[in-house]
Amino acid sequence: MNKINYGDLLRRFSVPIMFVIICAVCAPISGLSPSYLCNEIVTRMGRNAFLILSLLIPIMAGMGLNFSMTLGAMAGEIGLILVSDWQIVGIPGMILAMIVSVPISALLGLFCGKVLNMAKGREMITSYIISFFINGIYQLIVLYLMGPVIPIKHSNIKLPRGYGIRNTVSLLSMRQKLDNLIPLNIGGVKIPVATFIIIFLLCLVIIWFRKTKLGQDMRAVGQDMGVARDSGIDVERTRIISMVLSTVFAGIGMIIYLQNMGNIATYSSHSQIGMFCIAALLVGGASVEKASIGNVFLGIILFHTMFIVAPKAGTVITGDSMIGEYFRVFVSYAVITVALIMYETNKRKNKSKAGEQLALAQEEANE
Amino acid sequence: MNNSKKKTLIYRIAAFLVIMAIAAVMFIVGRGHTVYFDNKSSDLVAEVPYKIEVKVDGKKVASLKKNERGMVDVMGQKLTMELVVTEEKGGEAVHMKVSQPLPYNMDGIILNIPAMLNGASQDQYVSEFVPVLSETEVAEETVVTDDTAGLMSFGEESEASK
């Protein structure tokens, strides 16, 4: 019978356990009411879940944490900027923004997948740098081409100099339209039913996708590229498809996220989103190699509870709310760092274990 | 081209056309307008009602006395509204339902309700609202593309700025 290795278990779930402790300590200190906390967590779950779910497919294909999900986020923002200028409002505005963003996301995902195929084994750092590279192109388009080349009519979107987009674009005309489409209030907690239905559908798609031929291929590629190739799977194509899907979902997720926020920080929304989504997924107990839908939801609950209570707890303890602000930002980056260290340590440990076993087998054969 | 490839191509083209059709529908049904209601006299109407109440989707959006203006944000190409018109103070209110097509190319639309009720043509009672930019909208805006800018300053003044 297999014995439960508590040490391994503790190591595997160290990050979620740490966050449960942080939340359990900070929540009472913050003095926030349970109903307020529930409201905030439910809102943030609706806001972020779609984006974080988009990270699952590349992990399945063995490409690690997709830092280039920001590419999809940029495509979503471009869609929203254009739709705002065309004055298409409400849910139709969101749908049109998604239709505009999908081809842009798909092209960016294709490009990213091709580049990552050239940098096998270094996908995460490559995707991280690609996001900076594409951010430069995004800035060129949004700052200089929108206006003279891509027509932008409205002066509340365009910079006063006549070209480029303002730092903030208002999405008041579609703010929380999806969240409020099917209104439901349980015990003072506002439930964004329509948003949750869409998230639930994506979860079903992911579960179904895992069982398809392509999903199985992705898992095979994720486990061992060599074996997958030998068994006739087109590894490169499969990896590209995983990146395209992730980027497209990220674009749609960004539109859902921004409709909840009600405005676009044109030059910074996307750059922050990748980091926080990845951190939330890791907080939920996911690793670079393995992530599930459960990790997404646990991650959102723990990470965002910490995000809500930390500044308040910081204010109560030190009298300065900025301490809590710094704390939550540093924790997000720290979680990613810890996950990457653990990934590398495990990889090395497995490698040396395999080496030892091989040496042992050779010794036995010699004898 | 073999049959399976042909089928795939047909499916792709069909999917593309369906998406384009959805986009076209969204363009029409999702077009937002700000409609301004005027209860003002014009060349066509010398005397205006004492009070006009405007209801859209059963909600009161404006209550206009003489020379007043109200507004509502609407979606789509047609505005159906209920008007409650009181000609004189203390007089009887008349309820009426009016459907008004909205020009696609106008973001802000001014409806002169007395002229509309008087049977004037659409060109006479519909005009475009051209917004005047506020001072903050006209003022030059510094674009911040580096979100880490100022992150390490901790609110202190640098030596250079001193």
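Rule-based calculations on the coordinates, nothing more; no lab input. Since we're looking at a predicted model, the values are computed, not measured. Here the Cβ positions follow ideal geometry from the backbone for every residue, glycine too, while neighbour counts run over all protein chains shown.
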Practice task
Would you calculate the separation in nanometres between label points at A:Lys153 and A:Ile182, each defined as 7 Å from the Cα along the Cα-to-beta-carbon direction?
Solution key: 3.5 nm
Completion exercise
1/(1 + (r/R0)^6) with r = Cβ-Cβ of B:Glu47 and A:Asn263, R0 = 51 Å, i.e. FRET efficiency to nearest 0.05, evaluates to 0.70
Fill in the blank from the handout: Row for chain B, column shape: gyration tensor on C-alpha, a ≥ b ≥ c, rounded if a/c < 1.5 i.e. under 1.5, prolate if a/b over b/c, else oblate; value oblate
Exercise for the section: Using the Kyte-Doolittle scale, find the helices of chain A whose mean hydropathy is at least -1.0 and whose Cα atoms extend 18 Å or more along the helix's long axis, counting only whole DSSP H runs. Expected result: A:14-30, A:34-53, A:69-85, A:90-118, A:123-140, A:193-211, A:235-261, A:269-283, A:293-318, A:321-366
Exercise for the section: First select every other residue whose beta carbon is under 12 angstrom from the beta carbon of A:Cys112; then total the charges, Lys and Arg +1, Asp and Glu -1. Expected result: +1
Problem - Computed over the range B:32-132: relative contact order in percent, which uses C-alpha pairs under 8 Å that are six or more apart - result: 31 percent
Problem - Relative contact order of chain A, defined on C-alpha pairs under 8 angstrom at six or more residues apart (%) - result: 30 percent
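Could you give the length gained by full extension between A:Leu140 and A:Ile17, i.e. 0.36 nm per residue of separation minus their alpha carbon distance, to one decimal place? Let's see the in-between values first.
Details: separation 123, 0.36 × 123 = 44.28 nm, distance 4.31 nm.
40.0 nm is the gain from fully extending A:Leu140 to A:Ile17.
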Fill in the blank from the handout: Within the range A:55-95, the residues whose backbone N lies under 18 Å from a label point placed 7 Å from the Cα of B:Val25 along the Cα-to-Cβ direction are A:88-95
Completion exercise
Nearest 10, in degrees from 0 to 90: the angle of helix B:3-29 to the longest Cα principal axis of chain B is 40 degrees
Problem - Dipole axis of the range B:32-132 (+1 Lys, Arg; -1 Asp, Glu on Cβ), positive-most option in B:Tyr104, B:Val130, B:Ser63 - result: B:Ser63
Exercise for the section: Quick one: which residues, 5 or more positions from B:Leu79 or on another chain, have an amide H under 5 Å from its amide H? H modelled 1.01 Å from N in the peptide plane, none for Pro or chain starts. Expected result: B:Gln100, B:Leu102
Practice task
Could you tell me whether chain A comes out rounded, prolate or oblate from its Cα gyration tensor? Rule is a ≥ b ≥ c as square roots of the eigenvalues, rounded for a/c under 1.5, then prolate if a/b exceeds b/c, otherwise oblate.
Solution key: oblate
Handout entry: trypsin sites (Lys or Arg not before Pro) restricted to DSSP loop in the range A:245-333 with at most 16 other C-beta within 10 Å
Key = A:Lys290
Practice task
Provide the net charge surrounding A:Ile233, with neighbours chosen by a C-beta distance below 15 Å and charges set as Lys +1, Arg +1, Asp -1, Glu -1.
Solution key: +1
Exercise for the section: Calculate how many DSSP beta bridges within the protein assembly as shown are antiparallel, expressed in % of all such bridges and rounded to the nearest 5. Expected result: 85 percent
Problem - the range A:312-361 versus the range B:33-65: alpha-carbon centroid distance in Å - result: 63 Å
Problem - Point-charge dipole on Cβ atoms (K/R +1, D/E -1) for chain A, about Cα centre, debye to 20 - result: 540 debye
Practice task
Filter the trypsin sites (Lys or Arg not before Pro) in the range B:58-152 down to the DSSP loop ones having no more than 15 other Cβ atoms within 10 Å, then list what survives.
Solution key: B:Lys66, B:Lys89
Handout entry: Average partner coverage of B:131-142, which counts Cβ from other chains inside 10 Å
Key = 2
Problem - Pairwise FRET efficiency - A:Ala334 versus A:Arg229, Cβ, R0 = 30 Å, nearest 0.05 - result: 0.20
Problem - Antiparallel bridges, percent of DSSP beta bridges restricted to chain B (to nearest 5) - result: 85 percent
Problem - Over 22 Å between alpha carbons, listed pairs B:Lys65/B:Lys97; A:Lys158/B:Lys55; B:Lys55/B:Lys78; A:Lys213/A:Lys290; A:Lys153/B:Lys59 - result: A:Lys158/B:Lys55; A:Lys153/B:Lys59
